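One structure is given here, and the rest of the page talks about it.
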Amino acid sequence: MKFHSLLVLPGLLHLAAASCSKQCTFDSIVPSTTLTWCPCYDGFFCAKLDVPLDYQNPDFARASVPIIKYPAASNSSFGPYQGMVLLNPGGPGGSGVNLARENGTLVQAVVGNNVDVVGFDIRGTWLSKPVANCSGNLNLRRNVSLTSRFVPRLLDEYYESYIEYGKELGAECEKTSGGETGAGRYMSTAIIARDMLSIVDAFAQTDDGARAAKPSHLLNYYGISYGSFLGQTFASMFPDRVGNVILDGILSPEGYLANGVSNGINHLDGIIASFFVYCHEAGQAACSYYTGSTPRDIYERFNRSFTQLDPQKAEALNWSNATDINLALLTLKVGLLTAAHSPLDIFGILSPILTALEGALSTQSITTWTSQVMAIIGDPTVAGYENPEWSLGVACSDEDNRWYNKTLSDIRPLLADLQEQSIIGEVWSRSWLGCLGWSIKASEIFTGPFGGDTATPILFVSNTHDSVTPIENAISSAPKYKNAQILTIDGTGHTMVATQNKCAFAKVAAYFQANQMPGEDSFCPLEAGPFGIVLNGTLQENIDQAGLSDLVH
């Protein structure tokens, strides 16, 4: 199974809005308080659920939640029909409709094809109504002069550019989406959790709900990354409505509510270090960046190129190509973050990228290299930041706008902490910086307490080396929920799907089909990694043995 959870990484995610193309489209569906399914897209069914715009004032106005279903197989080898499993792909702001449409069969391959795979778009995003749509109205000077200000950690203009962008965006969104019936006030996770409950209640009233083997009034759910926070919010607000809930890639509620990026990149450098380990084991034939006789030799090769991209030195010496170096370093760091997110897919691509960087530095053709890499990973500047209001509308609301009107000076301690954690840590701040300009207050937020006596135990899933949702978050969160357990996967990348770990898939299926928790057998050892390599021992043992346990100096 291969699909990717969504992170708020401007320029890296390019998803088209889903629409049905056979017998109906989302535009043609009339919202209903019941789940009235319309055949739409190659075996999929679509609906729009009519819900209160504000659950605290249900008679005030209405909103519609777009929902897509990939139905269970009629004669499943997994057994009787189990009902639906609801998906959230993360972000916040990722399209659950797209996730189900593009990966419905793959989800069924893991949890079983005796379930309906159901995706929905969260409040204010994608196909939901009302939708926050304010970034398209701005002319944010997305030109060469603005792009030239996008530099990595050593120069303040990098952060100030995103802060300035966030302020302009926030002002426009306040004007167009901040009113009583606009989307902005109703995008918080608490309201999205109530929408999930509405979906469950509507499903329970259908014929499918009546024939499901699982209790139809309980939420069965697979939440990825931000979706794990949404799942914890739902379980804390409605513990008696929790069915089989799988949370994959765990956000720390406390860290997320504090600033959106805390407790995230603890193991990011470990994944970067694993590239050198896997490249060494793969050898020159599979990894073109291979050199020397140890993983450390490959790292030193990388570090020689990395340290040449020094924008502070370039600016101090008034080099004519200082701007080019700035953008190249930003592109490299975002590229490394992309690779750390999906090592199985990207490490093979990273190898020629780093090889080409050496050539670009030696021939002083760094602009060409930057353009080529941006064509692969997307534009890492504001110009590539698509629909930021969808992520900011959720995240900044959940934080209760605590960072609104703050300045660069106010956030320097947080930025310093990110820099100390990883050689690319500062780029993780990009998506959150917009909260310094987001003024729209949510009508309802949930800040805890998190935990509860859930009707069904929750299964937390975490990799030993997750790029942005470290296992420590699962360790701190799971004990708050009655009988919850953690499934630990020794592997790299963001969430279970990045590892393609067959042991983990099997245990998730056992949990969903038979309520079987991992128990004492809750550790899935390292399986085949990048370049098809299976390492001996644990991943951390290999990193330590290579002398790469700390890349930050």
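Taking 0.36 nm per residue of separation and subtracting the Cα-Cα distance, what length does fully extending Ser76 through Ser549 add?
Values: separation 473, 0.36 × 473 = 170.28 nm, distance 4.66 nm.
Stretched out fully, the Ser76 to Ser549 stretch lengthens by 165.6 nm.
Determine the percent antiparallel among the DSSP beta bridges restricted to the chain, to the nearest 5.
Details: 15 of 44 bridges.
Bridges in the chain are about 35 percent antiparallel.
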Beyond 25 Å (Cα-Cα) in this structure, taken from Lys129/Lys175; Lys129/Lys480; Lys175/Lys406; Lys313/Lys333; Lys482/Lys507, we find Lys129/Lys480
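Classify the chain as rounded, prolate or oblate, taking a ≥ b ≥ c as the square roots of the eigenvalues of its Cα gyration tensor: rounded when a/c is under 1.5, otherwise prolate if a/b is larger than b/c and oblate if not. Please report the intermediate quantities before stating the final value.
Numbers: a/c = 1.86, a/b = 1.31, b/c = 1.43.
Since a/c reaches 1.5 but b/c is at least a/b, the shape of the chain is classed as oblate.
Per-residue counts of other Cβ atoms within 10 Å, averaged by peptide: what ranking do you get for 65-75, 295-305, highest first? Walk me through the numbers on the way to the answer.
On the way: 65-75: 20.5, 295-305: 18.0.
My ranking of the peptides, most packed first, is 65-75, 295-305.
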Once amide hydrogens are built 1.01 Å from N within the peptide plane, the residues lying 5 or more places from Leu49 or on another chain with amide H under 5 Å from its amide H are Ser32, Val65, Ile67
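How much net charge surrounds Val85 when only the other residues with a Cβ under 13 Å from the Cβ of Val85 are counted, with Lys and Arg +1 and Asp and Glu -1? Can you show the working numbers first?
Details: positive: Lys69, Lys214; negative: Asp116, Asp208, Asp248.
In short, -1.
May I ask you to compute the full-extension gain from Phe523 to Arg402, defined as 0.36 nm times their residue separation minus their alpha-carbon distance, rounded to one decimal in nm? Walk me through the intermediate numbers first.
On the way: separation 121, 0.36 × 121 = 43.56 nm, distance 3.84 nm.
Extra length available between Phe523 and Arg402 comes to 39.7 nm.
Over segment 212-306, what percent of the accessible surface lies on carbon and sulfur atoms, probe 1.4 Å?
Details: 1190 of 2430 Å².
Answer for segment 212-306 is 49 percent, counting heavy atoms of protein chains only.
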May I ask you to derive the FRET efficiency for Ala416 and Arg211 from their Cβ-Cβ distance with R0 = 56 Å, giving the value to the nearest 0.05?
-> 0.50
Counted charge near Cys524, where neighbours are those whose Cβ lies closer than 10 Å (Asp, Glu -1; Lys, Arg +1) = -1
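Can you give the FRET efficiency for Ile475 and Ser293, using 1/(1 + (r/R0)^6), R0 = 56 Å, r = Cβ-Cβ distance, to the nearest 0.05?
Approximately 0.90, to the nearest 0.05.
Carbon and sulfur: what percent of segment 458-550's accessible surface (1.4 Å probe)? All intermediate terms of the calculation are to be shown ahead of the outcome.
Numbers: 1750 of 3510 Å².
Percent of accessible area from carbon and sulfur atoms in segment 458-550: 50.
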Would you mind working out the magnitude of the charge dipole of the chain relative to its Cα centre, with +1 at each Lys and Arg C-beta and -1 at each Asp and Glu C-beta, to the nearest 20 Debye?
-> 800 debye
With every protein chain present, what is the per residue accessible area of the chain (1.4 Å probe, Å²)?
-> 36 Å²
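Would you please put 91-104, 34-47 in order of how densely packed they are, using the mean number of other Cβ atoms within 10 angstrom per residue and starting with the highest?
Values: 91-104: 25.8, 34-47: 18.8.
Listed from highest to lowest mean packing, they are 91-104, 34-47.
Could you tell me the relative contact order of the chain? Use alpha-carbon pairs under 8 Å, at least six residues apart, and round to a whole percent.
Details: 1180 pairs, mean separation 108.0, N = 553.
Relative contact order for the chain comes out at 20 percent.
The values are calculated or read from the model by the stated rules, or taken from the named source; none is laboratory data. Just so it is clear, the model here is predicted, and its values are computed rather than measured. So basically every Cβ, Gly included, is an ideal-geometry build from the backbone, and we count neighbours across all protein chains shown. Protein only, heavy atoms only, side chains kept; ligands, DNA and RNA dropped before computing areas. Shrake-Rupley method; radii C 1.70, N 1.55, O 1.52, S 1.80 Å.
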